[in-house]
Amino acid sequence: MQATPTHTIIKSKEELSTYLQLTKSEQLFDQDSTTTLPLRIPSYFLNLIDPDDPNDPLRRQVVPTDAEQIFIQQEYLDPLAEVDHSVTDRLIHRYPSRVAFLTTDVCAMHCRHCFRRRFTGTFQGPATAQQIDEAAAYVAEHPQVKEILFTGGDVLTLSDSNLSAMIEAFRSKRPDLVIRLCTRMPASYPMRITQALVDMLKTHASAPFYLMTQFNHPRELTEQACLAVKRFVDAGIPAMNQTVLLKGVNDDADTLEALCNSLVFNRIKPYYLFQGDLVSGTNHFRVPLELGLALEKELRRRLSGLAMPLYAVDLPQGGGKVPLTTGYLSEQSGCGRWEFRTIDGERRVYPDPITEPDA
Ligand SMILES: *Cc1c(COP(=O)(O)O)cnc(C)c1O
Ligand code: SF4
């Protein structure tokens, strides 16, 4: 095996096999298939992988296997029906108060669980000036839209100047628009987050930015990653994290507990814990809902309210996100008596307010 590389991007099994001894299932991945997401691993992330552990949780997230070529009947290419909810090219309006804009299909790293693999890495590139203008015009005409998610792909693959122009296109029409920068870059390639980037964002101060990260395992919170997030937070940009619940990566309470506590320590609020979407070729990553709900329950016992993410599922066919939790409200027993179970499993009754008899 070769020594660990610096500042390159690994894009093929052949290249990868000079650094890692590929398992049978990894070797069987068909990298020439057009229906699977191409292999793409920045050397920074590769160096975080334990080469001696074929089940390393970071390895599972980036090294493809032939399991991705298994498409089960209940899976979809676009489970959230984002195409149906598109109002302009690349602008998705699914919820009344917020929209998602697919800024680019390019990412620094390809995550094997990516739920937007119908779009990610399809060589379409950044949104064109016309696509940006159409989306900005739509947002200008819909004042009920309070927030825009700059997503993709990974928005931070755009250059500072392209990102600045994109922000300006929206903010010139809607100075009040809250912008969420949805990015895996602090985990995949934290060196991208420079002081110049944050200084550029500061010049667009008419409304807040939020940084939306995706850390799935505590080992992704390296010194560099935390420093990258610190730049945003120190600049007054709050950081929120969305974790995907992934089998063999983070589907145990100890890992999730460590992840959430480490996020809070680094001033990143655990926001969502997502049940895996029904995306084609990701069945091997999905955790049974029963286990997910048990993990949520256990986390709620262990974690502070601040450290506790909301476990949620994005329902198929564009049903939208709903929270997942069980067992606290056991029944409404009539006459305004609400029966609950405490976190420790005890019973308590909470009555409705007594209504005053009519005067
Ligand atoms: C998840 C999502 C949002 C944001 O939802 P929040 O619950 O506000 O985080 C917006 N648009 C689309 C299409 C989404 O999938
Ligand atoms: S960074 Fe995001 S969009 Fe890109 S592959 Fe990973 S999950 Fe998908």
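The values are calculated or read from the model by the stated rules, or taken from the named source; none is laboratory data. For clarity, every value in this text was computed on a predicted model and none was experimentally measured. Methodologically, a virtual Cβ is constructed for each residue, glycine included, from the backbone with ideal geometry; neighbour enumeration extends over all protein chains shown. When the accessible area is computed, the model is the full protein with side chains, heavy atoms only, and any ligands, DNA or RNA have been set aside. Shrake-Rupley method; radii C 1.70, N 1.55, O 1.52, S 1.80 Å.
With the requirement that a residue be open to solvent by 10 Å² or more (accessible area, probe 1.4 Å) and in a strand (DSSP E or B), what does the stretch 228-242 give you?
240, 242
Among what's in the stretch 305-345 and is out of contact with any helix residue (DSSP H, G or I) (no Cβ under 7 Å at 6 or more places or on another chain) and of a type in the set (A, V, I, L, M), pick the residue that is farthest from residue 83 (Cα to Cα).
Filtering first and then ranking leaves 329.
Does residue 67 fit the bill of being open to solvent by less than 30 Å² (accessible area, probe 1.4 Å), within 25 Å of residue 316 (Cα to Cα) and part of a loop (DSSP other than H, G, I, E, B)?
No: the conditions fail for residue 67.
Cβ-Cβ under 8 Å, sequence separation 6+ or interchain: first residue in the stretch 111-122 and under 11 Å from residue 281 (Cα atoms), partner of a type in the set (Ser, Thr, Tyr) and near ligand 2 (Cβ under 6 Å from one of its atoms). Which pairs?
114/120
Every residue in the stretch 84-99 that is in a strand (DSSP E or B) and open to solvent by 30 Å² or more (accessible area, probe 1.4 Å), please.
86, 87, 93, 94, 95, 98
Out of the stretch 26-45, which residues are over 17 Å from residue 189 (Cβ atoms) and open to solvent by 40 Å² or more (accessible area, probe 1.4 Å)?
27, 28, 30, 31, 32, 34, 35
Can you pull out every residue in the stretch 200-216 that is open to solvent by 20 Å² or more (accessible area, probe 1.4 Å) and either out of contact with any Asp or Glu (no Cβ under 9 Å at 6 or more places or on another chain) or within 12 Å of ligand 2 (Cβ to nearest atom) (or both)?
Once the filter is applied, which keeps residues that are open to solvent by 20 Å² or more (accessible area, probe 1.4 Å) and either out of contact with any Asp or Glu (no Cβ under 9 Å at 6 or more places or on another chain) or within 12 Å of ligand 2 (Cβ to nearest atom) (or both), the stretch 200-216 yields 202, 203, 205, 208, 214.
Rundown of residues vs (1) modelled with pLDDT under 95; (2) within 19 Å of the chain's Cα centre (by Cα); (3) away from ligand 1 (no atom under 14 Å from the Cβ), yes/no style:
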position: 54; (1), (2), (3): no, no, yes
position: 57; (1), (2), (3): no, yes, yes
position: 78; (1), (2), (3): yes, yes, no
position: 95; (1), (2), (3): no, yes, no
position: 118; (1), (2), (3): yes, yes, no
position: 124; (1), (2), (3): yes, no, yes
position: 128; (1), (2), (3): no, no, yes
position: 136; (1), (2), (3): no, no, yes
position: 139; (1), (2), (3): no, no, no
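Output the residues belonging to the stretch 315-335 that are small (Gly, Ala, Ser) and on the phi > 0 side of the Ramachandran plot.
Those that are small (Gly, Ala, Ser) and on the phi > 0 side of the Ramachandran plot: 318, 320, 327, 334.
Checking residue 53 against (1) open to solvent by less than 60 Å² (accessible area, probe 1.4 Å); (2) away from ligand 2 (no atom under 16 Å from the Cβ); (3) part of a loop (DSSP other than H, G, I, E, B); (4) in contact (Cβ under 8 Å) with a residue 12 or more places away in the chain, only one condition comes out false. Which one?
(4)
Would you mention how many residues in the stretch 177-226 are of a type in the set (Ser, Thr, Tyr) and in contact with a strand residue (DSSP E or B) (Cβ under 9 Å, 6 or more places away or on another chain)?
5
Answer yes or no: is there a residue in the stretch 314-337 that is open to solvent by 40 Å² or more (accessible area, probe 1.4 Å), within 16 Å of ligand 2 (Cβ to nearest atom) and within 16 Å of the chain's Cα centre (by Cα).
No, every residue in the stretch 314-337 fails to be open to solvent by 40 Å² or more (accessible area, probe 1.4 Å), within 16 Å of ligand 2 (Cβ to nearest atom) and within 16 Å of the chain's Cα centre (by Cα).
Determine whether residue 310 is open to solvent by 20 Å² or more (accessible area, probe 1.4 Å), in contact (Cβ under 8 Å) with a residue 12 or more places away in the chain and over 16 Å from the mean Cα position of the chain (by Cα).
Details: open to solvent by 20 Å² or more (accessible area, probe 1.4 Å): yes; in contact (Cβ under 8 Å) with a residue 12 or more places away in the chain: yes; over 16 Å from the mean Cα position of the chain (by Cα): no.
Taking the combined requirement at face value, the residue does not satisfy it.
How about the stretch 74-83: which of its residues are of a type outside the set (A, V, I, L, M, F, W, C), part of a loop (DSSP other than H, G, I, E, B) and within 28 Å of residue 13 (Cα to Cα)?
We begin by selecting, within the stretch 74-83, every residue of a type outside the set (A, V, I, L, M, F, W, C); these are 74-76, 78-79, 82.
If we keep only those that are part of a loop (DSSP other than H, G, I, E, B) as well, we get 74-75, 78-79, 82.
Of everything in the stretch 74-83, those that are of a type outside the set (A, V, I, L, M, F, W, C), part of a loop (DSSP other than H, G, I, E, B) and within 28 Å of residue 13 (Cα to Cα) turn out to be 75, 78.
Those residues that are in a loop (DSSP other than H, G, I, E, B), out of contact with any Ser or Thr (no Cβ under 8 Å at 6 or more places or on another chain) and either of a type in the set (Val, Ile, Thr) or free of Cβ contacts under 8 Å to residues at least 24 places away in the same chain (or both), I need them from the stretch 201-224; list them, please.
Listed by number, the residues that qualify are 205, 222.
With respect to residue 61, is the statement that it is among the polar types (S, T, N, Q), touching a residue at least 12 places away in the same chain (Cβ under 8 Å), away from ligand 2 (no atom under 16 Å from the Cβ) and more than 21 Å from residue 204 (Cβ to Cβ) true?
Working: among the polar types (S, T, N, Q): yes; touching a residue at least 12 places away in the same chain (Cβ under 8 Å): yes; away from ligand 2 (no atom under 16 Å from the Cβ): no; more than 21 Å from residue 204 (Cβ to Cβ): yes.
The answer is no for residue 61.
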